[in-house]
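First the structure, in the form of structure tokens, and then the observations on it.
The values are calculated or read from the model by the stated rules, or taken from the named source; none is laboratory data. Keep in mind it's a predicted model, so treat the numbers as computed, not measured. Cβ: placed from backbone, ideal geometry, glycine included. Neighbour counts: every protein chain shown.
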Amino acid sequence: MSAMQRMSRKERERFDQLFRAVFEALPASVHTLLEEAPIILEDHPSAELSAELGIDPDDPDDILCGLHTGVPLTERSVQHADGLETIHLFRVGILDMAGGWEVWEDEDGQSWGGSDRIREEIRITILHEVGHHFGLDEEDLERLGYG
């Protein structure tokens, strides 16, 4: 599924059901943090956002699963007190990163796809973006296993 391909209503409902299960299983401390930076689910980033981030929507290797917007806690000052922070999760990117709806194996015997893999990718993406909320960069998140 390419980044600009639309999900069917059924796929979106199926994804959102997996999202809710992951979200409900997150620790209370993460839920508290998400009150400051709510999650917005979208199928994919807008064309404008993709252009701004240098993402080619036609390149299957250019996958965006999530995006933290706002000022991380480590960079805030009183002038940012009223700043709006959000976490965007992109269904198509997460689905692509997980390997799709159906379970399959790559040439190395690694299992991809299916509901369990999608749930894990949703969880990783949420925690990755929460990490950005705390000022962690991509290297920090990679070391923690949320890269």
- [ ] Being over 20 Å from A28 (Cα atoms) and at pLDDT 90 or above narrows it down to one of R143, R117, so name that one.
- [x] R117
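Mind listing just one residue for me: the one in segment 80-101 that is surrounded by fewer than 17 Cβ atoms within 10 Å (Cβ to Cβ) and touching a strand residue (DSSP E or B) at 6+ places or on another chain (Cβ under 9 Å) and, of those, farthest from A37 (Cα to Cα)?
If we filter segment 80-101 for residues that are surrounded by fewer than 17 Cβ atoms within 10 Å (Cβ to Cβ), which is where we start, we get 80-84, 86, 100-101.
Next cut, touching a strand residue (DSSP E or B) at 6+ places or on another chain (Cβ under 9 Å) only: 84, 86, 100.
On the way: L84: 8, T86: 5, G100: 28 Å.
Ranking the candidates gives G100 first.
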- [ ] Would you mind stating whether L136 is modelled with pLDDT under 70, part of a helix (DSSP H, G or I) and either among the hydrophobic types (A, V, I, L, M, F, W, C) or closer than 26 Å to M7 by Cβ (or both)?
- [x] no
Task: helices (runs of 4 or more DSSP H) contained in segment 1-89 and holding at least 1 residues modelled with pLDDT under 90 and not hydroxyl-bearing (S, T, Y) - done: 28-36, 47-53
Open item on the list: So in segment 37-60, with the set limited to residues that are touching a Ser or Thr at 6+ places or on another chain (Cβ under 7 Å) and not acidic (D, E), which one is farthest from S8 (Cα to Cα)?
Closed with: A37
Open item on the list: Against the definition (at pLDDT below 95 and surrounded by 12 or more Cβ atoms within 10 Å (Cβ to Cβ)), how does E129 come out, yes or no?
Closed with: yes
